[in-house]
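J.: I have a structure here, written as structure tokens, and I will follow up with some questions on it.
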Amino acid sequence: MGAHREREQHAAMKVLHVINSLALRGAETLVANLLPMVKDLGQLEISLWTLREPRGPLAEKLATSGVKMMYSGTESVYSLRHILALAQHFRKVNYDLVHVHLFPAQLYVPLARTLSRREFRLITTEHSTHNRRRKKMFRPVDEWMYRQYDLVACISEGVRQALKNWLRSGVPRLEVVLNGIPLVETCTVTPLTRTTLTGSESDDLIVVMVGAFTEQKDQSTIIRAIAQVPGLQLVLVGDGPLRADSEKVAREFSVQDRVRFLGWRSDVPRILAAADIYVQSSHWEGFGIAALEAMAAGLPVVVSNVDGLREVVGRSGLLFEPGNAEQLAALLRKLAADSALRTRLGQEARVRSKRFAIESTAERYVKLYEELVRQ
């Protein structure tokens, strides 16, 4: 006991984060923003393990911050080899706490801990109000998996309530830890030129959405709304399996000349700085980091009326029912016709965004780490 207390007083707490990849998405962006901040807050030795090889802008950001990165060496996130690789790593390195993000990493880490016969605290962050596992046949797996964690951090109250409702028995400790972004980094950028962003010299207002083309997001509703409102250019940032479907919708509604698909970009703050309106159209959302970044950039935001997004925007933005292109079109028409309204909503959004600084998120996690390890 005395030796353990001495280690607590003099040695850095060893914390490992585990996530599937460093793709340009919400959970991954949070990790890339969070880890350098957590590392600098106290006596913490922070490392990151990804199932897939860490590549791209987020990996580069972490590398320059001094966060040590490792990965399993198996590209398929559903390979059970990840469990063996993690177990071998746990035998080599004595961690005080492991913090896991996203499935299947959430399942692999408890299994690897059992296989390694090591003891450390486990925490996971729940990033969404919904996922494809929330069907009756998968419930026993989820109930077992979440019980292995000492704490589940939920990125919004909507996420916490949804998880509590899903887990019928043995609900673990659930804490709301709101996401955050680096506000200074988001607000102090040089905007892209409008011609560069839209590919044309039109004076049309620019509407932007950032998000993967997956079943969670709903870019098609924005395209159908844009078709009803002349004088708007739509810029869609992101990629994914449903991108071709959205491109087809743009052709069907004859707005392909007013909709630009940019793919994934590392200069999203510069894109937001050049835009006039931000729309986040989603079927469900745990939080909405992209919408928060738009708020910090001073844009008027229009978002789907779903848990997570509704919490982030509060009264500083406009809401439409998911999938309702006519309602969204009416809101866009209103914003397009009223520059004073756009300015007021943008100012209110920027003020509200200050509640979600990454510094506050990092401080909250560090306190939870220290509490769990002390226990």
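The values are calculated or read from the model by the stated rules, or taken from the named source; none is laboratory data. Treat the numbers as computed from the prediction; the structure is a model and nothing was measured. Positions of Cβ are backbone-derived with ideal geometry, glycine not excepted, and every protein chain shown enters the neighbour counts.
J.: Only one of (1) in contact with a helix residue (DSSP H, G or I) (Cβ under 9 Å, 6 or more places away or on another chain); (2) surrounded by fewer than 22 Cβ atoms within 10 Å (Cβ to Cβ) fails for His99. Which number is that?
T.: In the conditions (1) in contact with a helix residue (DSSP H, G or I) (Cβ under 9 Å, 6 or more places away or on another chain); (2) surrounded by fewer than 22 Cβ atoms within 10 Å (Cβ to Cβ), His99 misses (2) alone.
J.: Working only within region 297-321, note down all residues that are assigned to a loop (DSSP other than H, G, I, E, B) and either farther than 19 Å from Leu236 by Cα or within 18 Å of the chain's Cα centre (by Cα) (or both).
T.: Initially, region 297-321 is screened for residues assigned to a loop (DSSP other than H, G, I, E, B), giving 297-300, 305-308, 314-317, 321.
Of everything in region 297-321, those that are assigned to a loop (DSSP other than H, G, I, E, B) and either farther than 19 Å from Leu236 by Cα or within 18 Å of the chain's Cα centre (by Cα) (or both) turn out to be Ala297, Asn305, Val306, Asp307, Gly308, Gly314, Arg315, Ser316, Gly317, Glu321.
J.: For region 256-263, state whether one or more residues are touching a Lys or Arg at 6+ places or on another chain (Cβ under 6 Å), free of Cβ contacts under 8 Å to residues at least 40 places away in the same chain and farther than 24 Å from Thr29 by Cβ.
T.: Checking region 256-263: not a single residue is touching a Lys or Arg at 6+ places or on another chain (Cβ under 6 Å), free of Cβ contacts under 8 Å to residues at least 40 places away in the same chain and farther than 24 Å from Thr29 by Cβ.
J.: Kindly indicate the residue of region 145-202 that is touching a Pro at 6+ places or on another chain (Cβ under 6 Å) and among the β-branched types (Val, Ile, Thr) and also farthest from Val366 (Cα to Cα) among those meeting that condition.
T.: The extreme case among them is Val189.
J.: Tell me, yes or no, whether region 52-75 has at least one residue that is free of Cβ contacts under 8 Å to residues at least 12 places away in the same chain, outside the structural domain of Arg265 (by TED's automatic domain parsing) and farther than 17 Å from Asn33 by Cβ.
T.: The first filter runs over region 52-75 and keeps only residues free of Cβ contacts under 8 Å to residues at least 12 places away in the same chain, leaving 60, 63-64.
Next cut, outside the structural domain of Arg265 (by TED's automatic domain parsing) only: 60, 63-64.
Now restrict to residues that are farther than 17 Å from Asn33 by Cβ: none.
Checked against the condition, which is being free of Cβ contacts under 8 Å to residues at least 12 places away in the same chain, outside the structural domain of Arg265 (by TED's automatic domain parsing) and farther than 17 Å from Asn33 by Cβ, region 52-75 yields no hits at all.
J.: Taking region 120-141 as the search range and keeping residues that are at pLDDT 95 or above and charged (D, E, K, R), which one is surrounded by the fewest Cβ atoms within 10 Å (Cβ to Cβ)?
T.: Ranking the candidates gives Arg121 first.
J.: Given the condition outside any helix (DSSP H, G or I), within 24 Å of the chain's Cα centre (by Cα) and either within 19 Å of Val302 (Cα to Cα) or of a type in the set (A, V, I, L, M, F, W, C) (or both), answer yes or no: does some residue in region 330-343 qualify?
T.: Going through region 330-343, the residues outside any helix (DSSP H, G or I) turn out to be 338.
Pick out the ones that are also within 24 Å of the chain's Cα centre (by Cα) and you get none.
Within region 330-343, not a single residue is outside any helix (DSSP H, G or I), within 24 Å of the chain's Cα centre (by Cα) and either within 19 Å of Val302 (Cα to Cα) or of a type in the set (A, V, I, L, M, F, W, C) (or both).
J.: For region 259-296, name all the residues that are crowded, with 24+ Cβ neighbours inside 10 Å, assigned to a loop (DSSP other than H, G, I, E, B) and modelled with pLDDT under 95.
T.: Result: Glu285, Gly286, Phe287, Gly288.
J.: Further question on the same structure: Can you confirm whether Arg333 is in the same structural domain as Val207 (by TED's automatic domain parsing), at pLDDT 95 or above and in contact with a Pro (Cβ under 6 Å, 6 or more places away or on another chain)?
T.: no
J.: Oh, and also: Restricting to region 35-54, give me the number of residues that are in a strand (DSSP E or B) and within 18 Å of Ala105 (Cα to Cα).
T.: 5
J.: Scanning region 166-211 for residues that are within 24 Å of the chain's Cα centre (by Cα) and of a type in the set (S, T, N, Q), which turns out surrounded by the most Cβ atoms within 10 Å (Cβ to Cβ)?
T.: Among those residues, the one meeting the criterion is Asn179.
J.: Just to verify a result, which residue in region 80-108, among those that are part of a loop (DSSP other than H, G, I, E, B) and under 23 Å from the mean Cα position of the chain (by Cα), is nearest to Leu35 (Cα to Cα)?
T.: Here the residue is Leu102.
J.: Go through region 200-258 and count every residue that is among the polar types (S, T, N, Q) and part of a loop (DSSP other than H, G, I, E, B).
T.: 7
J.: Sort through Ala27, Ala32 and tell me the only one that's touching a helix residue (DSSP H, G or I) at 6+ places or on another chain (Cβ under 6 Å), part of a helix (DSSP H, G or I) and buried (at least 19 other Cβ atoms within 10 Å of the Cβ).
T.: Result: Ala32 is the single residue among Ala27, Ala32 that is touching a helix residue (DSSP H, G or I) at 6+ places or on another chain (Cβ under 6 Å), part of a helix (DSSP H, G or I) and buried (at least 19 other Cβ atoms within 10 Å of the Cβ).
J.: Does Phe253 count as modelled with pLDDT of 95 or more and either closer than 17 Å to Gly323 by Cβ or not assigned by TED's automatic domain parsing to the domain that holds Leu328 (or both)? First the steps, then the outcome.
T.: On the way: modelled with pLDDT of 95 or more: yes; either closer than 17 Å to Gly323 by Cβ or not assigned by TED's automatic domain parsing to the domain that holds Leu328 (or both): yes.
Yes, satisfied.
J.: Those residues that are in contact (Cβ under 8 Å) with a residue 12 or more places away in the chain, of a type outside the set (S, T, N, Q) and closer than 15 Å to Lys14 by Cβ, I need them from region 87-99; list them, please.
T.: Start the filter on region 87-99 by keeping residues that are in contact (Cβ under 8 Å) with a residue 12 or more places away in the chain, which leaves 87-91, 93-99.
Okay, now just the ones that are also of a type outside the set (S, T, N, Q), so 87, 89-91, 93, 95-99.
Selection gives His89, Phe90, Arg91, Val93, Tyr95, Asp96, Leu97, Val98, His99.
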